[in-house]
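Presented below is the structure to which this report refers.
The values are calculated or read from the model by the stated rules, or taken from the named source; none is laboratory data. These numbers were taken from a predicted model, which means no experiment stands behind them. Neighbour counts run over all protein chains shown; Cβ positions are idealised from the backbone, glycine included. Heads up: the accessible areas ignore ligands, DNA and RNA and are worked out on the full protein's heavy atoms, side chains in. Shrake-Rupley method; radii C 1.70, N 1.55, O 1.52, S 1.80 Å.
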Amino acid sequence: MSNYLYLIINLSAVSVPLLFSFHPRLRFYNHFKNLLVGFLFMVPVFIVWDIYFTHLKVWGFNNDYLLGINIFNLPLEECLFFICIPFSCIFTYHVVLTLSKNKSDFKQRNAWVFASLVLFVFGFLNMDKSYTFFTFVFLAIILPIAPYFINMKLFLKTFFILLIPFSIVNGLLTGTLIKEQVVWYNDNENLSIRLGTIPIEDIFYALLMLLLVMIGYQISLNNKSKLIS
């Protein structure tokens with residue numbers, strides 16, 4: 001049964017959002033094509049990144065919790081992670097957007113530029129730590145671009161909500177409540193700061209992943225709206 005653990009975590013994370021995608025009030029299934037565009041923005045980047053870091057042993061996987069099926073030298077479960085988790089997260093954003101009475105945005109782009117500069121500086125101060133450096137620098141590049149495409153107020157509101165299930169899923173993957181880690185990290189390549197068992201970089205990594213998906217998703221939605229109008 002332990003060989004199915006990573007797969008079970010993925011399927012558990014996506015099952016309820018997938019089911020409620022067909023709720024008559026939410027109708028998220030109408031946006032599956034738009035979400036596919038979002039995946040095309042993110043998945044190739046993160047798969048290549050994952051392959052590279054796995055090769056460098058920045059992180060790796062415990063075969064005791066895997067089916068043993070590999071794609072591009074990555075476990076099948078790891079590839080599914082980049083579909084199941086973003087799907088659940090964008091579904092949550094859709095729910096927040098649908099139920100929100102106040103859909104206003106804050107577009108203080110100077111604030112995002114400042115945050116980007118801070119991330120750049122912090123990243124380059126930690127060039128010797130691959131996970132820290134690449135995560136912060138890539139996020140620094142995307143962060144000031146994102147407000148031109150997405151409602152950052154609703155996105156950040158959603159992201160803070162998602163920190164709860166994120167902590168559960170990522171905690172399990174990094175060894176919380178189980179005997180060993182499903183995904184292990186080389187602490188020489190990160191800040192060695194953990195929130196429980198979760199490397200702090202994982203939060204920024206997740207933020208970057210979701211921003212890329214959201215940008216593609218929102219561009220597709222905007223184009224769809226223009227075609228309809």
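Structure data summary
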read-out	value
Selected residue [more than 22 Å from Val182 (Cα to Cα) and either β-branched (Val, Ile, Thr) or touching a Cys at 6+ places or on another chain (Cβ under 6 Å) (or both)] from Thr135, Thr92	Thr92
Positions within the stretch 31-81 being open to solvent by less than 20 Å² (accessible area, probe 1.4 Å), out of contact with any strand residue (DSSP E or B) (no Cβ under 9 Å at 6 or more places or on another chain) and either in a loop (DSSP other than H, G, I, E, B) or closer than 25 Å to Asp187 by Cα (or both), in sequence order	Phe46, Trp49
Qualifying residue in the stretch 192-201 (condition: under 19 Å from Leu97 (Cα atoms) and not charged (D, E, K, R))	no
Pairs with Cβ under 8 Å, 6+ apart, first in the stretch 152-170 and on the phi < 0 side of the Ramachandran plot, second among the basic types (Lys, Arg)	Met152/Lys107; Leu154/Lys103
Close pairs (6 angstrom Cβ cut-off, 6 or more residues apart or separate chains): free of Cβ contacts under 8 Å to residues at least 24 places away in the same chain and of a type outside the set (Phe, Trp, Tyr) in the stretch 199-215, open to solvent by less than 10 Å² (accessible area, probe 1.4 Å) and in a strand (DSSP E or B) anywhere	none
Condition check for Leu143: surrounded by 14 or more Cβ atoms within 10 Å (Cβ to Cβ), under 27 Å from Phe91 (Cα atoms) and of a type outside the set (Phe, Trp, Tyr)	yes
Yes/no for Asn102 being polar (S, T, N, Q), under 19 Å from Asn10 (Cβ atoms) and exposed (fewer than 13 other Cβ atoms within 10 Å of the Cβ)	no
Selection within the stretch 1-30 - outside any helix (DSSP H, G or I), among the aliphatic types (A, V, I, L, M) and open to solvent by less than 90 Å² (accessible area, probe 1.4 Å)	Leu26
Asp64 vs. criteria acidic (Asp, Glu) and touching a Cys at 6+ places or on another chain (Cβ under 9 Å)	no
Test: residue in the stretch 111-131 that is open to solvent by less than 50 Å² (accessible area, probe 1.4 Å) and within 17 Å of the chain's Cα centre (by Cα)	yes
The stretch 81-100 residues that are at pLDDT 95 or above, paired with ones that are open to solvent by 30 Å² or more (accessible area, probe 1.4 Å) (beta carbon under 6 Å, 6 or more apart)	Phe82/Val43
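For (1) closer than 25 Å to Ser130 by Cα; (2) open to solvent by less than 20 Å² (accessible area, probe 1.4 Å), each residue gets a yes or a no:
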position: Phe155; (1), (2): no, yes
position: Phe160; (1), (2): no, no
position: Leu163; (1), (2): yes, no
position: Asn170; (1), (2): yes, yes
position: Leu173; (1), (2): yes, yes
position: Lys179; (1), (2): no, no
position: Val183; (1), (2): yes, yes
position: Asp187; (1), (2): yes, no
position: Ser192; (1), (2): yes, no
